[in-house]
1. Cβ-Cβ distance below 9 Å, separation of 6 or more or different chains: which pairs start in segment 196-213 with a residue that is closer than 15 Å to Glu154 by Cβ and end on one that is polar (S, T, N, Q)?
2. Looking only at segment 192-206, how many residues end up being within 26 Å of the chain's Cα centre (by Cα) and over 13 Å from Ser160 (Cα atoms)?
3. If you take the residues of segment 14-58 that are hydroxyl-bearing (Ser, Thr, Tyr) and modelled with pLDDT of 90 or more, which of them is surrounded by the most Cβ atoms within 10 Å (Cβ to Cβ)?
4. Name the residues in segment 158-178 that are closer than 15 Å to Leu209 by Cα and in a helix (DSSP H, G or I), would you?
5. Output the residue which, of all residues in segment 59-83 that are over 20 Å from the mean Cα position of the chain (by Cα) and in a helix (DSSP H, G or I), is surrounded by the most Cβ atoms within 10 Å (Cβ to Cβ).
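The values are calculated or read from the model by the stated rules, or taken from the named source; none is laboratory data. All values reported here derive from a predicted model rather than from experimental measurement. We place every Cβ from the backbone using ideal geometry, glycine too, and count neighbours over all the protein chains shown.
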Amino acid sequence: MDRADRKGAEVELPTMSGDLPIVYIVDDDVSVREALEALIQASGWQPFVFASAREFLAHPRALSASCLILDISMPDLNGLELQRRVAADRPDMPIIFITGYGDIPTSVKAMKAGAVEFLTKPFADDELLNAISGALERSAAALHAVVEKEALRERYARLSNREREVMRMVASGLMNKQVAGELGISEITVKAHRGRVMRKMQADTFADLVNIATKLEKQN
């Protein structure tokens, strides 16, 4: 790998743990691991290196934007096999494949399985860094969606059964008077429930509440 100009390669990404974005490296070639570790560290990211797929799988997961640089050909558990496991267990972790023996059928198989890039050695540093930058952006967006989904579920769980009924009806477009008639309660009571729902769900406007209700419905 040559030392191409890395200006502009660094990116600032929000992470869920407050740490630097993580770049995992799995390659059985120690010289490749060391070179990639130095390159990634110099680019402002946090590298974690592993000599085998099984070492990587045994490593505890961090809740942070991350991607995986993965050698396609390794003993024991190869890159494509590890890709299948990562796709099932860590869908927010994009994979960048690197190989010294690239072939079209293998690269097609990897890309169809969700890899974001397939690089054949030797490759330019900036080519890899650009791929990492894009992968980390995708990971940060995916993690944000997961965190938002969990936050909505937690807020919804704090609603009473009556508040959930009111939320569902109001979000469907019914007026307070109509909701009152459907539930057999007063309109003033409906307004009170609606106000508590807005506060608990952290909805500033009616449009926010409708959007939240739509997201929750898609999760079910």
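1. Pairs found: Ala203/Asn211; Ile212/Gln202.
2. Residues meeting the conditions: 2.
3. Here the residue is Tyr24.
4. Once the filter is applied, which keeps residues that are closer than 15 Å to Leu209 by Cα and in a helix (DSSP H, G or I), segment 158-178 yields Glu163, Arg164, Glu165, Val166, Met167, Arg168, Met169, Val170, Ala171, Asn176.
5. Per the criteria, the residue is Gly79.
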